[in-house]
1. Considering the range 24-59 alone, what residues qualify as being surrounded by fewer than 12 Cβ atoms within 10 Å (Cβ to Cβ), part of a helix (DSSP H, G or I) and under 22 Å from the mean Cα position of the chain (by Cα)?
2. Inspect the range 104-118 for any residue being under 18 Å from the mean Cα position of the chain (by Cα) and free of Cβ contacts under 8 Å to residues at least 40 places away in the same chain and give the result as yes or no.
3. What residue, among those in the range 141-176 that are part of a loop (DSSP other than H, G, I, E, B) and touching a residue at least 24 places away in the same chain (Cβ under 8 Å), is surrounded by the fewest Cβ atoms within 10 Å (Cβ to Cβ)?
Amino acid sequence: MRPSLRLAALCSFAFALSCAYVSYYLRGGPRIIDASSYFLEARSIAAGAFDFGVPEPLASFHGRFLLAGPEGRLGVIFPPGYPLVLSLGVLLGSPLLVGPVLGALLVAATYGLARALGQSPAVAWLAAALSVLCAALRYHTADTMSHGLATLLACAGLALGLQRGSRWTALVAGLCLGLLFATRPVSGAVSLLLIGYALPARRTA
């Protein structure tokens, strides 16, 4: 099988496994308070706002990850990077497919990162296969939480940063890091340090 077809098959398998997790374990919706809060924030962004109105009394709706705003409105405390991506799924009517798509892309990014680090094709294929079979990644790319997107952005940013490509390659790597900062700021800071350490000769560029 050609490498491109093999990688596409692995990505498709990861997508299918994450979809199965949504259907058979999550039963079609977010299950924990973090995921529910991200889902609520994505729906707010899709509606054109970062907060939402609730009827009185406010205490009946106030929760662990919500902040009270003016005029009886509530907002979710999480950074807006992942909810912004998830809101695209809300607008398209399929928010629970966002995670499986991220899981599929993560397989390709894992393979690309292994190759960018100078690993052999065999090691890169093993890394991609482990990405498919990792139960933690299947869960975090099924429920509506930001870990899957953060992992994808970190892998893609580092893989692109390691390539001796054009300014466009560097620009996309920077955009990945920017969205990562807007998704999980600590992960963004760590990824920036990793890229700075891995590329001592190209810091200016």
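1. Across the range 24-59, the qualifying residues are Y24, I33.
2. No, every residue in the range 104-118 fails to be under 18 Å from the mean Cα position of the chain (by Cα) and free of Cβ contacts under 8 Å to residues at least 40 places away in the same chain.
3. Quick first cut of the range 141-176, residues part of a loop (DSSP other than H, G, I, E, B) only: 141-146, 163-166.
Going one step further and asking which of them are touching a residue at least 24 places away in the same chain (Cβ under 8 Å), we end up with 141-146, 163.
Working: T141: 31, A142: 27, D143: 25, T144: 28, M145: 23, S146: 24, Q163: 13.
Here the residue is Q163.
Read-outs throughout are calculated quantities, based only on the coordinates presented, and are distinct from any laboratory measurement. Computed from a prediction, not measured in an experiment: that's the story for all the values here. Positions of Cβ are generated from backbone atoms using ideal geometry, with glycine treated the same way; all protein chains shown enter the neighbour counts.
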